[in-house]
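The structure appears below as structure tokens.
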Amino acid sequence: MLGALLTLSGIAVAEPDADGFTRPLEALKFNPQLNQHEFERATLVALVVNDPWEEWNRRIYHFNQRFDEWVYLPLVNGYRFVTPRVLRSGVSHFFANLGEVPNLANHLLQLEGRDALHTTTRLLLNTTLGVGGLWDPASHMGLERRAEDFGQTLGYWGAEEGPYLVLPLLGPSNLRDTGGLAFDSTVGSALNLADLSGLTARPAEYYSLMAIDRRHINDFRYGQLNTPFEYEKVRYVYTEARRLQIRE
């Protein structure tokens with residue numbers, strides 16, 4: 001009807017395409033002088049995040065990048081070189097199984113009875129059939145890991161995320177999630193199944209291996225985004241990802 005009226009009034013109307021639009025991109029003119037950096041700078045308005053401590057956060061981000069390049073990744077590469085794949089996989093499964101304890105606590109705190117039962121079953125299967133968590137038979141049975149942390153629990157109950165925060169070595173966070181990290185660490189330490197086997201008797205070696213494993217399974221590499229605005233993009237992606245996790 002609208003198209004007919006415009007045609008009668010002397011205004012030419014383009015035929016709509018299959019989606020009901022009128023091919024606006026055909027008349028869109030691009031600036032050939034616009035390079036990638038200028039385009040990204042123009043999009044930063046959409047990436048605004050509550051970051052009042054940005055100057056300090058950028059310093060920590062830079063420190064983390066240098067530490068990653070000069071210390072962390074060389075250790076991870078050496079670990080991969082001297083450790084067979086099957087052993088690395090066992091180590092990762094072992095630490096993931098320990099993480100099921102705070103997962104279970106957070107499912108309960110969020111009143112997620114079904115997920116709590118799911119996680120309990122995973123923990124029992126992987127601790128017994130998986131020989132202390134070195135294997136993950138639960139996933140092969142269709143019981144995939146359902147990770148939860150106390151930061152998500154606080155968000156579930158309405159706690160605000162607070163300012164963005166970059167933690168030394170640990171990376172992106174916010175005020176709420178930093179407090180949640182402290183809670184999860186306390187629960188994990190209080191109910192650490194590794195204590196039963198005496199693995200924590202040498203804490204330096206134990207926690208060093210845990211740190212190397214965590215970096216080993218993390219695919220993120222500084223500079224991989226190939227942009228001078230990596231800080232802004234990481235900040236935005238982390239913030240939005242956490243919001244999605246809490247809404248799930």
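Listing for the model above:
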read-out	value
Mean-position separation - Cα centroids, the stretch 154-214 and the stretch 75-138, in angstrom	15
Accessible-area value, Val71, 1.4 Å probe, nucleic acids and ligands omitted, Å²	60
Relative packing of 158-165, 73-80, which averages over residues the other C-beta atoms within 10 Å, highest first	158-165, 73-80
Where N is the number of residues in the stretch 69-205, Cα Rg divided by 2.2 N^0.38 Å	1.16
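The values are calculated or read from the model by the stated rules, or taken from the named source; none is laboratory data. Please read all numbers here as calculations on a predicted model, not as lab measurements. Positions of Cβ are backbone-derived with ideal geometry, glycine not excepted, and every protein chain shown enters the neighbour counts. For the accessible areas, the whole protein counts, side chains as well, though only heavy atoms, and no ligand, DNA or RNA atoms are used. Shrake-Rupley method; radii C 1.70, N 1.55, O 1.52, S 1.80 Å.
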